[in-house]
1. If each residue of separation counts as 0.36 nm, what is the full-extension length gain between Lys79 and Asn54 once their alpha-carbon separation is subtracted?
2. Just the number: Rg to Rh for the stretch 84-125, Cα atoms, Kirkwood Rh, two decimals.
3. Plugging the Kirkwood radius over Cα pairs into Stokes-Einstein for the stretch 32-115, at a temperature of 20 °C and a viscosity of 1.002 mPa s, what D comes out in µm²/s?
4. Grab the Cα-Cα distance for Asn89 and Glu106, subtract it from 0.36 nm times how many residues apart they are, and report the gain in nm with one decimal.
5. State the percentage of accessible surface on the stretch 39-78 attributable to carbon and sulfur atoms; use a 1.4 Å probe and exclude ligands, DNA and RNA.
6. At a probe radius of 1.4 Å, what is the per-residue accessible area of Ser76, in Å² to the nearest 10?
7. Quick one: if you take sqrt(5λ) for each eigenvalue of the C-alpha gyration tensor of the stretch 53-93, what semi-axes come out, biggest first, whole angstrom?
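The values are calculated or read from the model by the stated rules, or taken from the named source; none is laboratory data. Keep in mind the model is a prediction, meaning the values are calculated, not measured. Surface accessibility is based on the protein's heavy atoms, side chains included, excluding ligands, DNA and RNA. Shrake-Rupley method; radii C 1.70, N 1.55, O 1.52, S 1.80 Å.
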Amino acid sequence: MKVLRNLNVIIRPVNDRCNLNCKYCVTKDRYSRDTMLRETLKIGTFQKLINDINSLYLQNVRFTWHGGAPLLMPDSFYKDVFALQSGLNGIEYTTTLQTNGTLMDEKRLLFFKENGVAVGFSLDG
């Protein structure tokens with residue numbers, strides 16, 4: 001029997017919300033920033049994901065924060081995320097964040113660096 005040892009989780013904490021209005025964006029016609037009522041990811045939902053991952057006997061997990069603009073979430077949210085990730089029992093994990101960069105500043109960049117997050121910047125606009 002083949003057992004899953006690695007998992008790549010792509011998380012969209014703010015759904016399709018973004019602080020830009022790029023003409024080429026495929027989601028802007030589906031989700032207006034002015035009318036969208038979709039909720040952001042709750043930390044309790046991420047806690048459940050961590051609990052589920054712990055029960056799978058995985059070796060490696062990659063968390064990719066993506067979609068819309070993940071930096072619309074406050075640093076306090078990611079502080080809670082990183083605390084929950086540290087509770088993975090014997091599972092190695094990496095964390096990446098994909099951003100358009102417009103909400104990144106030196107303080108945030110240092111915060112992510114201190115927490116071992118690889119940050120990717122897309123060229124939008």
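1. On the way: separation 25, 0.36 × 25 = 9.00 nm, distance 1.96 nm.
In short, 7.0 nm is gained.
2. 1.07
3. Estimated diffusion coefficient is 151 µm²/s.
4. Net length gain for the segment: 2.9 nm.
5. Working: 1120 of 2000 Å².
The C+S portion of the solvent-accessible surface of the stretch 39-78 is 56 percent.
6. Number for this one is 70 Å².
7. Gyration-tensor ellipsoid for the stretch 53-93: 23, 12, 6 Å.
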